[in-house]
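Colleague: Quick one: the structure is below, questions incoming.
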Amino acid sequence: MASDTKDADPLEDCLLILESGEVYRNPTEVKMSQIVLPCHANHCGELSVGQLLKWMDSTACLSAERHAGCSCITASVDDIHFEHTIGVGQVVNIKAKVNRAFTSSMEVGILVTCEDLFTNCHWKVCHAFGTFVARRTEAGKVQLKQVIPHTQAEQMEYSIAAERRRMRLIHAEIITDLLSSSTAQLGECQEFQGAVPAERTQVESVELVLPPHANHQVSTFGGQIMAWMENVATIAASRLCNAHPTLRTIDMFHFRGPSHIGDRLVLKAIVNNSFKNSMEVGVCAEAYKGGEPLRHINSAFMTFEVLDSDRKPCTLPRIRPELVDGKRRYQEAIARKKIRLDRKYIFSCKQTEVPLSVPWDLSNQMYLSYNNVSALKLLAARNNWMLSSEKNKVSLYTLEENHVLCFKIETHVNVPAEQTFHLLSDLSKRHKWDKHYEQCDVINQADEEDTIYRVATPSVSKGGKGQDFILLASRRKPCDIGDPYLIALRSVTLPTHPPTEDYTRGEVLCAGFTIWAESSTVTKISYYNQATPGVLPYISTDIAGLSSSFCSTFSSCKQYLEENRDSLAALHPSAL
Ligand code: COA
Ligand code: ADP
């Protein structure tokens with residue numbers, strides 16, 4: 001990309017020069033460039049999002065097929081946030097590559113940038129993650145070959161792709177749970193004077209699936225369906241504001257079933273709720289053929305804004321929901337708005353953009369767990385660690401980046417990885433090997449994988465106050481052979497446990513263990529920590545070479561693990 005590129009993206013890789021002198025290019029990478037013509041644009045001269053979705057879907061599908069070597073279909077697309085619009089005459093550049101293959105599905109990362117040919121400026125429009133599934137053959141489900149990451153960025157995406165997949169597969173469940181708990185708390189809808197009746201925004205439109213809408217396997221392109229959905233959603237949104245709305249976000253969605261040439265697709269949309277500057281439009285796509293019953297293909301929720309001449313969002317009219325379903329959808333839209341904010345804030349942000357202490361509650365539990373684990377995976381995937389000191393086969397590494405100091409302590413134990421994981425997972429046992437863990441109590445056992453602890457540590461200075469931490473511990477077993485066990489730690493806040501006078505409240509941004517099975521009996525343990533002011537005093541003397549307390553702590557850890565390598569209690573499920 002040109003040097004005047006704005007908004008560098010993590011999906012953009014650094015150049016890797018191969019031994020042959022050639023520049024490395026990911027073998028699954030596919031690029032598409034399109035000049036935006038008036039036929040691709042809306043009445044404001046901006047590229048229609050529907051057209052962009054079609055291009056994104058085809059580029060990503062071709063990348064998936066390149067890896068799979070067979071035909072693939074779109075299974076789902078994660079949340080997309082559109083950061084900029086694209087004008088007629090500008091060029092859209094789309095780059096897609098497979099981040100990871102699972103069994104028959106693959107995660108494809110898609111980066112969309114825009115280029116102004118006159119000024120040579122480039123900027124990011126959005127990035128997205130699509131899941132594509134290799135079409136079943138007569139022999140059954142396809143087993144895909146694995147993706148082998150080569151660069152650091154590929155390694156990071158590979159590692160986090162497993163975490164994103166977990167979220168996708170439980171997405172529908174999370175939403176259902178959160179909607180039922182959130183809407184139960186909301187009262188009756190208010191009666192709004194002067195509000196626009198929701199029925200006025202209702203749209204129903206039919207499309208006949210013709211060969212140009214389908215791929216070589218006669219299935220309708222996912223991108224085509226998304227484009228039709230965006231079309232009806234835009235009409236519904238325009239009816240509320242009597243203006244040209246701008247699509248800001250599309251929530252994560254799943255193609256529930258296929259559609260083929262000859263299907264009639266019925267697309268229905270309505271404004272579910274309008275907030276001060278944004279509105280949620282819900283769209284439902286159903287298919288039928290002849291006299292067959294309707295098949296539910298997809299439901300999506302899109303957020304629109306209306307921008308004034310200075311590109312500032314305008315205040316929108318309020319909506320009066322229609323009876324029964326409308327009232328339910330109106331309430332659900334409020335709950336989804338909260339979920340969307342949590343997701344945007346916690347799920348799709350870079351670790352450094354999330355404040356240290358994020359309030360934990362049931363509605364953001366899954367996203368915080370995701371964020372916790374992904375942050376540790378990102379830290380572990382760094383390849384610029386510097387060995388700072390080594391003693392008794394315990395190594396201390398440091399990494400300084402963007403004014404943040406991170407450290408890693410690494411050692412090997414003669415204990416199987418699973419047992420090591422079980423023993424280290426229970427923070428309330430850590431005092432047995434770590435004198436800093438003076439006290440550690442379980443505050444909340446959120447689920448099997450997430451526990452919140454309060455940890456109290458002694459003062460570093462004589463007569464000073466001790467520190468306490470409210471820590472979320474998120475555990476993961478390997479997703480695949482070659483993945484580590486992982487225990488991620490980060491600070492959260494809980495209204496039930498505010499800071500007290502007796503302790504200084506410390507914060508942990510990102511810490512935890514990765515546990516790698518080197519053989520059936522030898523395990524490599526790496527402990528990571530991104531040193532916040534609260535953590536720095538415990539380690540800076542070691543890094544400076546004034547002491548080697550890290551070595552004695554991890555030697556004790558080794559001893560504790562080896563003494564308990566056969567402890568049955570550690571393998572008991574309650575030990576998790
Ligand atoms: N998001 C991402 N991946 C999903 C998913 C979701 N919401 N639901 C299922 N998958 C993945 C599974 O994890 C599995 O991956 P794996 O083999 O790597 O473990 C893969 O899809 C197949 O799952 P399986 O359980 O074998 O099949 P299924 O009955 O759940 O079907 C689809 C999944 C996607 C194949 C099915 O829903 C479908 O055909 N949808 C329509 C796809 C389509 O035609 N799209 C184009 C537009 S219509
Ligand atoms: P639900 O109807 O339970 O809200 P669906 O998945 O069926 O969920 O629909 C998703 C969204 O599509 C709804 O929230 C609504 O905004 C829109 N929608 C559904 N049915 C209609 C309809 N008959 N007319 C207009 N819009 C509809």
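Readers should treat all values here as calculations from the given coordinates under stated rules, not as data from a laboratory. Fair warning: this is a prediction, and the values are worked out from it, not measured in the lab. FYI the Cβ positions are ideal-geometry reconstructions off the backbone, even for glycines, and counts take in every protein chain you see.
Colleague: For the range 219-375, what is the convex hull (Cα atoms) projected area averaged across all directions, in square nanometres?
Modeller: On the way: hull surface 48.1 nm².
That works out to 12.0 nm², a quarter of the Cα hull's surface.
Colleague: In percent, how large is the relative contact order of the chain, given Cα pairs closer than 8 Å and 6 or more residues apart?
Modeller: Here the relative contact order equals 10 percent.
Colleague: Among 247-253, 551-557, how do they line up by average Cβ neighbours within 10 Å per residue, starting with the highest? Walk me through the numbers before you get to the answer.
Modeller: Values: 247-253: 21.4, 551-557: 19.3.
Those peptides, ordered most packed to least, come out 247-253, 551-557.
Colleague: How many times 2.2 N^0.38 Å is the alpha carbon radius of gyration of the range 257-318?
Modeller: Details: Rg = 16.4 Å, N = 62, 2.2 N^0.38 = 10.6 Å.
Taking the Cα Rg and dividing by 2.2 N^0.38 Å, one obtains 1.55.
Colleague: Does a label point 7 Å from the Cα of Lys327, set along Cα-to-beta-carbon, have any residues of the range 261-275 with amide nitrogen under 19 Å, and which are they?
Modeller: Hits in the range 261-275 for Lys327 at 19 Å: 271-274.
Colleague: Sorted by average packing, counted as other Cβ atoms within 10 angstrom per residue and highest first, what order do 497-503, 476-482, 364-370 take?
Modeller: Numbers: 497-503: 11.1, 476-482: 13.7, 364-370: 23.1.
The most tightly packed comes first, giving 364-370, 476-482, 497-503.
Colleague: Give the residue list of chymotrypsin sites (Phe, Trp or Tyr not before Pro) in the range 86-170 that are DSSP loop and have at most 12 other beta-carbon atoms within 10 angstrom. Don't skip to the end; give the middle numbers.
Modeller: Numbers: sites: Phe102, Phe118, Trp123, Phe129, Phe132, Tyr158; in loops: Phe102, Phe118.
Sparse-neighbourhood loop chymotrypsin sites (Phe, Trp or Tyr not before Pro): Phe118.
Colleague: While we're looking at this one, here's another question. Near Lys524, which aspartates and glutamates are there with a Cα under 20 Å away, not counting those fewer than 8 places off in the same chain?
Modeller: Glu390, Glu410, Glu418, Asp426, Asp434, Asp480, Asp483, Glu562, Glu563, Asp566
Colleague: Going by average Cβ density within 10 Å per residue, which order do the peptides 77-90, 230-243 take, highest to lowest?
Modeller: Highest to lowest by the protection proxy: 230-243, 77-90.
Colleague: What does the helix-only formula give at 222 nm for the chain: each DSSP H stretch with n ≥ 4 adding -39500 (n - 2.57), the total divided by the residues, and the result rounded to the nearest 500 deg cm²/dmol?
Modeller: Numbers: 9 runs with 145 residues, N = 576.
Here the helix-only value at 222 nm equals -8500 deg cm²/dmol.
Colleague: Beyond a 25 Å Cα-Cα separation, which of these cross-linked pairs lie in this structure: Lys124/Lys312; Lys31/Lys477; Lys338/Lys429?
Modeller: On the way: Lys124/Lys312 20 Å; Lys31/Lys477 35 Å; Lys338/Lys429 36 Å.
Check vs 25 Å cut-off fails for Lys31/Lys477; Lys338/Lys429.
Colleague: Straight-line reach from Lys289: which aspartates and glutamates have a Cα under 13 Å away, not including same-chain ones fewer than 8 places off?
Modeller: Glu207, Asp263
Colleague: Write down Rg/Rh for the chain, rounded to two decimals, with Rg from the C-alpha atoms and Rh from the Kirkwood relation over Cα pairs.
Modeller: Working: Rg = 26.1 Å, Rh = 26.2 Å.
Ratio of gyration radius to Kirkwood radius for the chain: 1.00.
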